[in-house]
Structures are given as structure tokens and as C-alpha cells.
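Written below as C-alpha cells is the structure these notes are about.
The values are calculated or read from the model by the stated rules, or taken from the named source; none is laboratory data. Only a predicted model underlies this, so the values are computations on that prediction, with no experimental measurement involved. Glycine gets a Cβ as well: all are built from the backbone with ideal geometry, and neighbour counts include every protein chain shown. What goes into the accessible areas is simple: the full protein's heavy atoms, side chains included, and nothing from ligands, DNA or RNA. Shrake-Rupley method; radii C 1.70, N 1.55, O 1.52, S 1.80 Å.
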Amino acid sequence: MNEFLQQLINGISLGSVYALIALGYTMVYGVLRFINFAHGDVFMIGAFSAMFGHSLIKRSGLVMPDWLVALVVLTLSMVVGALLGTLIEKLAYKPLRERPRLTVLITAIGVSLLLEYVGQLVFGAAPRGFPSLIESKSLGGFGSLQLSSVQITVVLVSGGLLMGLRAIVMRTRMGLSMRALSLNPTAAALMGVNTNVVISFTFGLGSALAAAGGVFYASLYQAIDPFMGVLPGMKAFIAAVLGGIGVLPGAALGGVLLGVLETLVVGYSKVLGIPSGFRDAVAFLILILILLFKPTGLLGKAHREKV
Amino acid sequence: MKSKISLLIAVLFFGWLSFCFSGHREASWPLPQFDGYLLSILILIGINIVSAVSLNLVNGHTGQFSLGHAGFMAVGAYGSAWITLIHGKEILSLMGVFVSMPAECLFLIALLFGGLFAAVTGLIVGIPSLRLRGDYLAIVTLGFGEIIRVILQNSDALGGARGLAGIASYTTLGWTFGVAALAIYVVGTLVNSTYGRGFLAVRDDEIAAEAMGINTTKYKVVAFAVGAFFSGLAGGLYAHFIGYINPEGFNFLKSVDVVVIVILGGMGSTAGVTVAAVVLTLLNELLRQTEQYRMIVFALLLIVLMILRPQGLIADFGRLLPWRRRA
Amino acid sequence: MEEASVKLLELTDVTIRFGGLVAVSGLTFHVNPGELVGLIGPNGAGKTTVFNIITGVCPPTSGSIVFSGVSVGGQRPYQITARGISRTFQNIRLFSSLSIFDNVRTAFNLHLKNGFFGSVWRGGSFRTEEAEVRREALELLEIFGLAAYADLPCRSLSYGDQRRLEIVRALATRPKLLLLDEPAAGMNATEKLELMKLIQFTKERFGLSVLLVEHDMKVVMGICERIAVIEYGRKIAEGTPAQIQKDAKVIAAYLGEEASDARS
Amino acid sequence: MLEVDCLEVAYGSIRALHRVSLRVDAGGICTLVGANGAGKTTTLRAISGLQRVSSGSVRFCGENITNLPPHEIVARGLLHVPEGRMIFTNLTVLENLRMGAYLRKDKSFIEKDFDFMFELFPRLREREKQVAGTLSGGEQQMLAIARALMGRPKLLMLDEPSLGIAPLLVRAIFEKIVEVNRELGLTVLLVEQNAHLALEVSSYGYVLETGNVLFQDRADVLRANPRVQEAYLGA
């Protein structure tokens, strides 16, 4: 039982990172109907910005309490992520607004590869250690159950960011126009919404969350490299599809669900009789099953093609 | 009619090449002797032609964007290596009595086995995923490709993550360009028939194609199976050229390599894709010293191409040929 | 038994729902062999949906569809086309990257004996068949005056000619029943007159039945032998053009309430 | 108020509009009638910036607005209720209305206008908190009109307000259009397939055929024109 709870906790903390990245996929899909393949690489850039930000603060000699350093670093990487996201949209995707979705998908693959290999050129291919932004200590005390401060912080802060996002989407004017745009771009334009601004904002917001996800992921695993975004990126996309692409609560649900499932499969690989190496295949298997049996995802609605 | 002439010329040319090299790794008359490096580049060009032309049938002609091509190559590579490496001696001893060229026959059996196994995998992947379209299909095929890789990584009988080493070097220029000629011929003739125009119809408008009596599912599955068969052959050629294969060599990036060739050549243009395979293999070699720049160049190429010239750089290559020019 | 074999297409109590919306409800109507039937109704009444039901694009939620005595409800579109129903589309759906000739040629697919292996092997029977397809396709294009442009991309045709090509393509599947979805949309008065002649000519020349969805009253009243009117997915009237023009329900629903006194 | 001069629109190689010219005078209701595919919707889309114009010009209140992005045209007081209503199905009725007032800064007046809309369309008040997708076709059309009115337009363009709506409701909606026109002095440009009803409420009309203006005249004159009747009755 304890072991199960332990796996569950590990799964939820990993899942909340997936949820953060998945939100970006879902938001972009909502307004532009395409899969932003490069989203996982914004996640990577977020982690690297946090690392450089951290060392910059340490070297500057400023004395700050640890929590403030962590906050500054997180904010910094989210800002970098947001800027990068809007920049990518402006340069690579905006010229393709009226083109077939496949053209945009191929471009997105190009952008993804570009970020990875420029990253490799700049940061080097070898994994680097990621500084601990918050002191890592065990908060255990429930029998053999291990709760680390990092895990708890990741879950709590992710939860906070999700709430913040919900507030923006549900309560602000910009959020209203985002929802309107995803429901009907033509009608939104006819209400006076400047669609370019809303699309840029959506990219920025989604990318900021991905960058935050990168910081958390790096804090959990304490190592980063230019290709760290590839698998979490794809898994987060799968999480978005699982929850119903275009549906914000769906992305959060899908992320947590996927994190938990994946951790459980690894934790119980011996009992289930699957090698733990199949960890990464689990997500893809879920994707294939969901697309075949419930392509709209758990919380999504169906669209029909007009003939 | 004119496109048939250029197809015939291409097939004859590759057939002649393969004749020149039959049975040997070195060239025979009337071609000069190649040194090992040039030879290996030529073989790589041939393998890339096979895999790009076959992927083009799926992604270009039929419009079903697949990102799992490397998975089928892996199946072909492992399948054929499994025959030659693990069952090679038994089969050879069986054949030795009956045929004069046992090694070639063994390789043929291995290639066919790899290709057919890949085709079957293609069917298994294709039948369920072809209900999906566009970017969803791309992601699901990517997922299947990754699953194939993970399965290989975890199967001890095939060397797990270490892969298989010591595969016999059966691949010659003759074999490579023979298979390339076959791939170009099959894909070329296929889409140049009333039956084969169905592939293009499926790409242009699925609903109209169904309404005109075309079983779109069947067409997509056939495209997938034929594409997988030839990529399996490409994988087999590759395995018996390099001599060593591991699952990591058939990851997502390998699929992207082939996709780049198809896009550069122009989706749906066999001639363009063949030329692109040559150009990009050479470019690859030029950039080999500066490996870290290679993918950056490819990535930029993809982005710029999609924005400025989504139909591909060489799509209209065929029209430049003098006998295909129209008034 | 006797009766069923008389009617070419028979819809009985057909209903289709999309989510909560009932697009077509309890529709019953038929087409006799050799008949030219019009299906009219205000925008959004469900006419195109009826076409989509008949051709298998949207299988009905309930009700039966019988064509030539065989139930075709729930069959895939290509299977229904193979039974002898072919159609055109409201918003032209040609195979945009193919030539005019290839657009027509592709529609012969249904009747091919040479499939994958035949096309690769290119033996005698394949060559005979290809020549046959070529001859027939060109003949069809010739009849409709498009043969001279056969090798041009279909996008280079004018709007009216694209509609014509769609009809040619539909004929290449050798249908018994041809469904035309708003063939006159976007045409001017002269083109509409030509279209009317073309439809009647096609019907006689190929011995077809035609079911026509059309907004232009002149076209519908001018060539249809019988007209069914639907509104909100229900049939509200059926009869000859003369009867329909006098029907109070139709005038109220379709032509506007004031229509009756405006006519004189 | 609105002057459209020699407007040409092409979709690829197909020309949808050939030199369409029309004028809408302040305070009136003007109608565009014509068969399906005649170019009515394209004309409205070209005016509101949804469709690129290949040549010709659109002037609104003396200002050239040709090929401006839609949101800038809205900002000048020209609102378009598109064909098929295009309400935001997953937003509530109130949120839909709020979207209509998207560009307005006068917060206190917006609240008042909500009340005004609910007086104009009492059915909407009953469904204020409901998701708009659950409304009936007629209610959705009312919402679409109310949503556009929330933008305090100078000119309102309505595309097929009777589409897929029961005849009784069509009457009601047309009465509302007339009411809005009279009470608020709002100029209306109407596209409608129900020509008789549309011409009955309008002051001026244009008849379009295959992208050309066939006739234009006072609405009552058009109603008496045998060729207009013929086109609609097929007699």
C-alpha cells in the first residue's frame, strides 16, 4: 500500500509537469488547430534559462533568501519562454496562417530541430547538472513513505499556475477573446478582436507555462540537456489528446493521469511482466488507444466535416 | 506517355548500373574502379532513393503524412539480419547443394523476408491508424515508430540496446541500385495507371474519391504496405552495408531524414524525390565533418521551404527534361 | 414485391440526428426509373443532408434506403456508388491536382479488372483496359465539349465548366441515378439555360434518373417532372411543378408569406 | 454612409464579384437580394474585411476602409452579423453579449446596454446564464443581432437572418430589425433570400446575379418588378 502511495506521489509530481506543458499544446491547438511540435523545446530552453539565471544571481553576489532566488529564476525562465514562443509564432507560423495544417506541422518539426541543434551547439550535447533551487529534503514520516520537498513544491506551484491560468482564461477580457477565437475565429474578428494579438498572447502564455514545466522537470531530475524536451514534449502532447485537445481542464487531467500511469507501469513492471524499458512506449500506446477508441479524448467534443 | 519514357530511362539506367556491379563490391567495365569512400556514398545514395521513393508513395502521392518510416526500416534491417546472421549457416548449408551462388540467394531471401515482415508491420500499423488524418496520423505513426524501437531495445534475442553486430557485407552497388530501380519502377508505374490515380484522388479529396467509387481505406492500406515493404528493403540493404545495427539508429530523427528528402524533392514527384535523395546524401557527406551544423541546416531548410516553396525545390524537375517540355 | 421493383430509389421514414439536432426527420420519398425529380426547400432545410444520407456520407439514424431493390442504408459511399448512385457536390470537389482527363479516368476505378499487380506488371489485359478507359473517358469529355482541354489541370476551367466536369466525372462511374447538388449555383441566366438543356440531354443520352437539389426556381420548375419540398428536415409537399407553385404551404415556407398576393 | 465602388473579388481563378457598386444611405434599411451563389454573402464579407478585395473600393462615413483588417472596421462602427449566426456556442448568452462590446471602454454603459438588449429580446434574459449552443435557432439569431448591437454600430449588416428559422420567428426578427432601425436610427444593410419579406421592410434594394448588380431601385418598385417576381417564383 505504502509503495503504491509512493508511486502515486511520484506520478502526480511528474504528471503536474506534463500538465503544464500539455496546456500549451491545447491552447495553441484551440486557437490555430495545429500541433506545435516545438513546444517541448521551449520547455528545454526554459530549463536552461533557469540554470543560467541561477548562476548569474549567485555570481552577482546579491544576497537573497532561497525562496526569492527560486521565484526570480522561475519568473525569468517563464519570461524567456514567453518571448521565445511569440517569436517562433511571428517568424515561422504566422506566414503560414492560411496554408494546410500539414505545412505548418512540417515547419514546426523544423523549428523543433532548429532549437535542439542550436541548443546543442551553444550548450553542448552532454547533460549538465541542474542547481537545486529549493533545498531538497525528505519530509517523510509516514512510515516508509518518502515525500521530498521538491516534489511537494512542484505539485503546489504547478497547481497555483494552473489556477492562475484558469483565472486569466475565465475572468479577463483577453481570456474571453481567447475562448471566442477558439470557438469561431471569424465571429471573433467581427466583434473587433485583433486575432494576431490574441494568437501571440496565447503562444506567449502557453510557452511560459512550458518553460515553468522545464524548470520543475529539471528540479525533479537535476540534469538538463538540449534534447530533454523531446520526450516530455511528446508525452505532454499525448496528455493533451488524452484529456481532449483544445479543452483546458482536459490537458491538466490528462497530464496527471499520464504521469501516474507511467510511474505505476515502471514501479510495477515486475508484477505486470513488462520490462521497465517500456516506460516510454506506455505513453504512445495510450495515444494510439485513445485515438482509436475515443479520438475526442476524455473531455472533448466531436467535430464534423462539412460536405 | 512522356512520363513513361523518362521512367523507362531511369529504370534502364539503374538496371545498367546494377548489372555493372553484379556480384562484386567493385565496379566492372565500363565504369571505372571506385575507391571505397566513393563506393559507400553511392550505396548510401541508392538506399536513400529506395526509402524516400517509398515514403513518397505514402506521404506524397496518397497524402497520408507518416512520421514512422524509420520503424519500418528497422523491421526490415532486423528481419534480414536475423536471417543472415542467425539462420544464415543453416540456410546456406541447405542451399549449397542446389545453387551456384548461395550467398546471393541467402541475401535475396533475407531482403525479401525483411521487406515482407515490414509490409506486414505496415498493415498492422496502417489499418487502425488510417482512420486518422493529417497531424493526428503523423503523431500516431511517430508513436508506432517509437514503439517498434522500444520493443527492439528490450528484446534480448536481437541484442537489446546494443544491437546486432557482425552482419555480413552482402550489399553491393548492384543490389542497391537494383532495388532502387525496382522501387522507382513500382511506384512510378503504379501512379501512372487508372488504378494508381486513385492514390492521388485520395490525397486531393477523400470524400469525392469515395463518392466516385474509390475504396479509400484500401488505397491507404496498400500505400502503407508497399511503402513499408520498400523501406524494409532499404533497411535490409543498410544493415548488410554497415554491418552493425542498433535500435537508436532508427529513431525519430532517421524518419525526419527521409521526410526532409521527400519534402525537398516535392511530395508526389518520384523524379524530384530521386534527385533530392542524391543531393541530400551528398550534402550529408559534405557536412559530416561539422555534424553539429548538419541538422541546423536541415531544420532551416524545412522552415524556409515550407514558407517559400511548399511544393518542394525539385518538384518540377521532370518538366526540365527536354522530352517532357510542353509547348 | 412488384411495387418495390418499380421504384429505383426509395427512402422510408429516414431520420438523422447530429448530437441533439434533428436534421432530417421521418422523410419518405422515392425516385422512379427515368424520372427527373427536384428536391427544394429554404436554405438549411436539410437538402444536402438528404444527399449525404443517400450516398452514405452520413448514415441515417433510423429509416430504410432501398436502391434497385437492395437496402443500401449503412453502406460505405464507394459501395453505394458501385450500386449505381453517383453525385456532384454543392461546393465543387474535383481532384484539384489532376488533369481534366485524369479526373474522369479516376472515376472508372470501380469497373477496373486490373488492380495493383496488373498496374505494375502492365500485361496485355492491362494495356487493353487502359486503352478502353482512355477511349471512354475521351468520349464522355467529347460529348460535353471538354475533350480539347483534356490534358489541362482541372483548376484552369471556368466555374461553369468545373461544374460540367463534375457531372462528367459522376457519369464515368456509370450510374443509374445521378444526384446533382445545386448545379446552377453561381451561374448566370444564359449558363442556367444551357445547364437545363445539359441535364435533360444527359438524362436521355445515358438513360438515367436524376435527383436535383436546386435553389433556382426557374431551373427546377423548368425541367423537373416531380418536386418534393422539405422544410426543417420534413417533407411538406410533393407534386408536379404546377401543383407546387400553387401549394399554400410551400408559398408560405419557401417563397415568403407575401408571395401569394404579389403574384398576379 | 457606405459607398461600395466597382468591387471585385476572386477566389483563385474564379471571380465571385464583378464590379459591384452600391450605396447605403444613413437611417434606412437597404436589401441585397439574389439567388444562392449570386455573391450576396461575398459582398458583405468583402465590406467587413473578411474577404480580400482584388479591386474597387469600400468607403464608410467618408473614410476608405478597403482591405482593412476586420477588427479595425468594427472599431469604426460597421458590424456584420454573419451568415449562420456564428454565435460562440460554448460561451454563455451574457458572455456572447460581452464579446459584442469587446472594443467599448464605457463600462457603466455596457451594463445598461445588457438591460436594453434583454428588453428588446426578453427571451434572452431568461437564458442569460445558459450556454449559447443550447438556444433554439431563432434565439441564436436574436443573440447574434443583440451581440452586434452591443458594439453600438452605426451600420449593421445582417446576412440571412431568416436562415433555418421557423416562419413565425422570422416575422418577429424582422419586426425587431425595423424597431431597431426606427428607435435607434440605426442603418441596416440586409441580405436575405426571403425577398418579399426583406423588400417589405426595406427602403431600397439591389438584385444581384452571378456577381453583378442586375437591378437597383426603391424597394416597392422592385417588389412590383415582374422580373424579380419571376426569379423568385419561377412562374
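Here are a few things to note about the model shown:
- Subset of the range D:160-218 that is outside any helix (DSSP H, G or I) and of a type in the set (F, W, Y) - its residue that is farthest from D:Q141 (Cα to Cα): D:F215
- Conditions (1) more than 7 Å from chain B (Cβ to nearest Cβ); (2) among the hydrophobic types (A, V, I, L, M, F, W, C); (3) over 19 Å from the mean Cα position of the chain (by Cα); number of the one not met by C:I54: (3)
- Sole exception among (1) open to solvent by 10 Å² or more (accessible area, probe 1.4 Å); (2) within 12 Å of chain A (Cβ to nearest Cβ); (3) among the polar types (S, T, N, Q) for B:S255, by number: (1)
- Selected residue (only one of A:V63, A:V79 is surrounded by fewer than 21 Cβ atoms within 10 Å (Cβ to Cβ), touching a helix residue (DSSP H, G or I) at 6+ places or on another chain (Cβ under 8 Å) and either modelled with pLDDT of 95 or more or not in a helix (DSSP H, G or I) (or both)): A:V79
- Meets criteria (surrounded by fewer than 24 Cβ atoms within 10 Å (Cβ to Cβ) and farther than 23 Å from D:I177 by Cβ) for D:L91: yes
- Among the residues listed as C:S64, C:S125, the single one being under 23 Å from the mean Cα position of the chain (by Cα), more than 7 Å from chain B (Cβ to nearest Cβ) and either open to solvent by less than 50 Å² (accessible area, probe 1.4 Å) or over 21 Å from C:L180 (Cα atoms) (or both): C:S64
- Within the range D:99-135, the set of residues being away from every other protein chain (no Cβ under 14 Å), open to solvent by 50 Å² or more (accessible area, probe 1.4 Å), closer than 23 Å to D:T89 by Cβ and in a helix (DSSP H, G or I) comprises D:P122, D:R123, D:R125, D:E126.
- Residue check, D:S21 polar (S, T, N, Q), open to solvent by less than 60 Å² (accessible area, probe 1.4 Å), closer than 27 Å to C:A184 by Cβ and part of a strand (DSSP E or B): yes
- Selection within the range A:37-50 - modelled with pLDDT under 95 and either of a type in the set (F, W, Y) or open to solvent by 10 Å² or more (accessible area, probe 1.4 Å) (or both): A:F37
Results for (1) touching a Leu at 6+ places or on another chain (Cβ under 6 Å); (2) within 10 Å of chain A (Cβ to nearest Cβ); (3) assigned to a helix (DSSP H, G or I), shown as yes or no for each residue.
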site	(1), (2), (3)
B:I139	no, yes, yes
B:I148	no, yes, yes
B:I151	no, yes, yes
B:G166	no, no, no
B:S169	no, no, no
B:T176	yes, no, yes
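- Candidates B:D135, B:D204, filtered to the one that is under 19 Å from B:G268 (Cα atoms) and within 14 Å of chain C (Cβ to nearest Cβ): B:D204
Residues are listed down the side, and each one gets a yes or a no for (1) more than 30 Å from B:A271 (Cβ to Cβ); (2) at pLDDT below 90:
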site: B:T141; (1), (2): no, no
site: B:I151; (1), (2): yes, no
site: B:N154; (1), (2): yes, yes
site: B:G160; (1), (2): yes, yes
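- Residue in the range A:82-99 that is most open to solvent (accessible area, probe 1.4 Å), counting only those that are assigned to a loop (DSSP other than H, G, I, E, B) and more than 8 Å from chain B (Cβ to nearest Cβ): A:E98
- Helices (runs of 4 or more DSSP H) completely within the range C:137-246 that count 3 or more residues being within 14 Å of chain D (Cβ to nearest Cβ) and open to solvent by less than 20 Å² (accessible area, probe 1.4 Å): C:159-172, C:217-223
- Within the range A:200-209, the presence of a residue that is in contact with a strand residue (DSSP E or B) (Cβ under 6 Å, 6 or more places away or on another chain), at pLDDT 90 or above and within 23 Å of A:V79 (Cβ to Cβ) is excluded.
- Unmet requirement for B:A118, which otherwise passes all of (1) within 19 Å of B:M267 (Cα to Cα); (2) buried (at least 24 other Cβ atoms within 10 Å of the Cβ): (1)
- All told, C:G34 meets the bar of being outside the structural domain of C:Y159 (by TED's automatic domain parsing), in contact (Cβ under 8 Å) with a residue 24 or more places away in the chain, within 28 Å of C:M187 (Cα to Cα) and surrounded by fewer than 15 Cβ atoms within 10 Å (Cβ to Cβ).
- The range B:304-321 residues that are within 14 Å of chain A (Cβ to nearest Cβ) and outside any helix (DSSP H, G or I), paired with ones that are open to solvent by less than 90 Å² (accessible area, probe 1.4 Å) and modelled with pLDDT under 70 (beta carbon under 9 Å, 6 or more apart): B:R309/B:A315
- Verdict on B:G60 being modelled with pLDDT under 95 and buried (at least 24 other Cβ atoms within 10 Å of the Cβ): yes
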